[in-house]
Amino acid sequence: MLRRTFVCLPALMLVSRPLLAAEKVFSRWGAAIRGYDPVAYHLEQKPVKGDAQYSLDWKGHKWHFKSAANRDLFAADPEKYAPAYNGFCAYAVSEGYTASTVPEAWTIHNGRLFLNYSLSVRSTWLKDVDDRISAGDRNWPGLAGG
């Protein structure tokens, strides 16, 4: 009987771990991705500052949007519009660490929004974008904190 307890306990710990830890999101000034609207990157092809009156909570953080329509699009399918790596620098994640981002250093690649630390870092990241994304996707689960 004691043996079964030890076998089940690790399994219980693995199942309950995600419930205890929240996934990290790049957040500044009380809002994810510095308060910029993640939907606008997709629809307007540019960074657009969101408005706190059109916000929602997702992954334990406030996300701001330009309009109620953008907020509702995000709410219906957040994985479609949210930035990869929860808004942390795509280059940094590909290298195995997290770093902040700026709204102007962005790329949509194969329908996914990626943000970078700076425009010069984005240029470096874009030179090998597919390999960088593969590395980032491998590294992110260990960096996400969830």
Worksheet item: Cross-link list LYS24/LYS46; LYS24/LYS62; LYS24/LYS59; LYS59/LYS127: which exceed 19 angstrom alpha carbon to alpha carbon?
Response: LYS24/LYS46; LYS59/LYS127
Worksheet item: What length, rounded to one decimal in nm, is gained on full extension from ASP128 through to THR107, with 0.36 nm per residue of separation minus their alpha-carbon distance?
Response: 6.2 nm
Item to complete: Give me D for segment 17-146 in µm² s⁻¹, whole number, from Stokes-Einstein with Rh from the Kirkwood sum over alpha-carbon pairs, 4 °C and 1.567 mPa s.
Response: 89
Discussion item. How much length would be gained if the chain were fully extended between GLU23 and ALA69, taking 0.36 nm per residue of separation minus their Cα-Cα distance, in nm to one decimal?
Written reply: 14.0 nm
Worksheet entry | Check: segment 23-143 dipole with +1 on Lys, Arg Cβ and -1 on Asp, Glu Cβ, in debye | 260
Worksheet entry | Low-density loop cleavage sites - chymotrypsin sites (Phe, Trp or Tyr not before Pro) in segment 18-122, where at most 13 other Cβ are within 10 Å (DSSP) | TRP29, TYR97
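Every number in this text was worked out from the coordinates using simple rules, so none of it is lab data. Please read these numbers as outputs of a predicted model, since none were measured by experiment. Using ideal geometry, Cβ is built from the backbone for each residue, glycine included, and neighbour counts are taken over all protein chains shown.
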